[in-house]
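The values are calculated or read from the model by the stated rules, or taken from the named source; none is laboratory data. Only a predicted model underlies this, so the values are computations on that prediction, with no experimental measurement involved. Here the Cβ positions follow ideal geometry from the backbone for every residue, glycine too, while neighbour counts run over all protein chains shown. Note: areas computed on protein heavy atoms with side chains; ligands, DNA, RNA excluded. Shrake-Rupley method; radii C 1.70, N 1.55, O 1.52, S 1.80 Å.
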Amino acid sequence: MLRHSKASPLLSLPGAVAAEAPDEGVAAHYGDLFREQRALAGGSGLVDLSHRGVVTVTGADRLSWLHLLITQHVTDLPAGQATEALVLSANGHIEHALYLVDDGETTWAHVEPGTQGGLIAYLESMKFFYRVEVADRTDDFAVVHLPAGSITEVPEGVRVRETAHGRDLFLPRASLADFAAAHGPVAGVLAYEALRVEGHRPRLGLETDHRTIPHELGWIGTAVHLQKGCYRGQETVARVHNLGKPPRRLVFLHLDGSEVSLPAHGAPVRLASDGPEGRQLGFITTAARHHELGPIALALVKRNVATDAGLLVGEATAASQEVVVEP
């Protein structure tokens with residue numbers, strides 16, 4: 001998978017430990033995971049997300065054109081208003097997730113590391129006669145996250161995507177080190193991921209597999225606008241919403257804190273009553289250590305798993321569930 005070719009300069013900061021896939025190129029932490037989480041939860045510091053892809057769309061038709069291709073309603077997207085969207089396959093399976101903002105002249109999006117090439121190839125194939133230009137700006141801009149409550153002043157001219165969870169900055173890559181030095185402390189992606197899991201927010205490539213549809217992850221209404229059509233995969237979205245239920249659902253898990261290691265992505269989930277030899281009913285998508293909640297996880301399980309059922313992760317980790325997507 002194509003990724004940004006250079007490691008972040010913030011990996012040279014004291015205590016930095018490099019992250020593993022899918023977050024290579026930035027720091028997992030800087031020596032104190034829980035301190036970093038507490039700082040972010042309290043509205044201070046920043047997160048280096050410079051490994052994420054950055055894509056821009058310019059041209060007079062950019063919003064009306066994107067409206068035809070993605071799951072979000074963006075024809076009248078106000079300048080400065082953040083939104084998110086998906087690109088689906090013809091069968092309604094999730095292929096790309098875009099985190100968008102338009103500045104009045106350009107639509108900016110950040111995407112999962114290494115996915116920008118495939119996204120741009122799809123967008124280019126759909127240009128036809130529309131007045132649009134698509135560009136990969138990953139080498140020029142670094143994504144930096146400021147947590148909710150941060151009072152950090154954003155440099156003039158920097159595009160900002162502001163949500164309830166914080167602000168995503170499209171910062172000129174050359175100024176990343178200076179910005180971090182002035183507005184730290186810097187938190188690693190493990191702290192950012194723990195707060196994402198706590199917030200039940202799905203992530204492409206972790207909470208998704210080759211057959212995931214938006215309904216399974218709670219993306220209906222946030223990344224998928226139900227009052228629009230004319231995009232690839234829309235028929236599946238409408239059919240499941242109006243006539244049925246998705247086959248799986250996202251759940252939040254509280255994990256037994258006595259286990260030393262966290263379950264890996266893909267670790268099987270079973271009913272606790274069936275034991276480790278029982279039928280697999282789902283899998284762990286992301287596990288994290290939270291500064292207050294202890295070990296937590298997101299998992300994708302079969303829709304008919306009882307919401308009050310005790311679960312078993314892997315061979316021995318007990319888990320209790322909270323509903324994210326209603327069965």
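Scanning segment 225-284 for residues that are polar (S, T, N, Q) and over 20 Å from P295 (Cα atoms) yields Q227, Q234, T236, N242, S273, Q280.
Comparison of V160, V144, V134, V154 shows that the only residue that is part of a loop (DSSP other than H, G, I, E, B) and either open to solvent by less than 50 Å² (accessible area, probe 1.4 Å) or among the hydrophobic types (A, V, I, L, M, F, W, C) (or both) is V154. Quick one: how many residues across segment 26-60 are surrounded by 21 or more Cβ atoms within 10 Å (Cβ to Cβ), assigned to a loop (DSSP other than H, G, I, E, B) and either of a type in the set (D, E, K, R) or within 17 Å of the chain's Cα centre (by Cα) (or both)? Going through segment 26-60 one residue at a time, the tally reaches 4. Annotation: of all residues in segment 246-259 being within 30 Å of T71 (Cα to Cα) and open to solvent by less than 50 Å² (accessible area, probe 1.4 Å), the one that is farthest from the chain's Cα centre (by Cα) is P246. Of all the listed residues (F170, F252), the sole one being within 17 Å of L300 (Cβ to Cβ) and of a type in the set (A, V, I, L, M, F, W, C) is F252. Considering only residues in segment 306-320 that are in a strand (DSSP E or B) and not small (G, A, S), the one that is surrounded by the fewest Cβ atoms within 10 Å (Cβ to Cβ) turns out to be L312. On the basis of being surrounded by 20 or more Cβ atoms within 10 Å (Cβ to Cβ), on the phi < 0 side of the Ramachandran plot and over 18 Å from the mean Cα position of the chain (by Cα), does T115 make the cut? Criteria not met by T115. For segment 306-327, a residue qualifies if it is within 20 Å of S261 (Cα to Cα) and of a type in the set (S, T, N, Q), and the qualifying residues are T317, S320, Q321. For P113, are the conditions met, namely being under 28 Å from A21 (Cα atoms) and either of a type in the set (G, A, S) or not in a strand (DSSP E or B) (or both)? For P113, the condition - under 28 Å from A21 (Cα atoms) and either of a type in the set (G, A, S) or not in a strand (DSSP E or B) (or both) - is met. Out of L262, L243, one residue alone is among the hydrophobic types (A, V, I, L, M, F, W, C) and either within 22 Å of R211 (Cα to Cα) or over 21 Å from the mean Cα position of the chain (by Cα) (or both). It is L243.
Answer yes if at least one residue in segment 80-96 is in contact with a helix residue (DSSP H, G or I) (Cβ under 7 Å, 6 or more places away or on another chain) and surrounded by fewer than 17 Cβ atoms within 10 Å (Cβ to Cβ), and no otherwise. Yes, segment 80-96 has at least one match.
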